[in-house]
C-alpha cells in the first residue's frame, strides 16, 4: 500500500513523534518513553511514518535511529501555503475591524 504524507500526519501520536524527531534523532525505545502506549504501538506508528517517507532510519551499531525527512515535510508546507494567504487576508481584515472599533470607543 502506498501512503502519502497526509496519512502520516493524520494521527496525533504520529504528529507527536514528528515533533520529537524535529528535536533529535531517536530510537524507538527512546520515543516509546514519551507515550502511554506499548513499544510495539510506537513501532507501528514509525512503520507508517517510514512508509509515508516522513522519517528515515539510520543504523548506528546495534541501534536504529530515526530522523525526519525534511523534503517530505515541505510537501505539507507547500499545500498549506495556499491557505496561508487566505488566512492572512482574513486576519488583516479582522485587524482593520478591531482598529475601527477601538477608534469608535474613544
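The values are calculated or read from the model by the stated rules, or taken from the named source; none is laboratory data. The model shown is predicted, which means the values in this text are computed figures rather than measured ones. All Cβ positions, even for glycine, are placed from backbone atoms using ideal geometry, and neighbour counts span all protein chains on display.
Here is how the numbers come out for the structure above:
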quantity	calculated
The stretch 16-54, residues that are under 11 Å from the mean Cα position of the chain (by Cα) and either in contact (Cβ under 8 Å) with a residue 24 or more places away in the chain or exposed (fewer than 13 other Cβ atoms within 10 Å of the Cβ) (or both)	17, 18, 19, 21, 22, 49, 54
Residues of the stretch 1-21 classified as part of a helix (DSSP H, G or I) and at pLDDT 95 or above, total	10
Filtered residues of the stretch 22-32 (kept if within 14 Å of residue 43 (Cα to Cα) and in a helix (DSSP H, G or I))	28, 29, 30, 31, 32
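Per-residue answers, yes or no, for (1) touching a residue at least 60 places away in the same chain (Cβ under 8 Å); (2) at positive phi; (3) more than 24 Å from the chain's Cα centre (by Cα):
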| site | (1), (2), (3) |
| --- | --- |
| 73 | yes, no, no |
| 81 | no, no, no |
| 86 | no, no, no |
| 89 | no, no, yes |
| 93 | no, no, yes |
| 96 | no, no, yes |
| 102 | no, no, yes |
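This table checks each residue for (1) surrounded by fewer than 10 Cβ atoms within 10 Å (Cβ to Cβ); (2) in contact with a strand residue (DSSP E or B) (Cβ under 9 Å, 6 or more places away or on another chain); (3) at pLDDT below 95.
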| residue | (1), (2), (3) |
| --- | --- |
| 67 | no, yes, no |
| 73 | no, no, yes |
| 79 | no, no, yes |
| 82 | yes, no, yes |
| 89 | no, no, yes |
| 94 | no, no, yes |
| 106 | yes, no, yes |
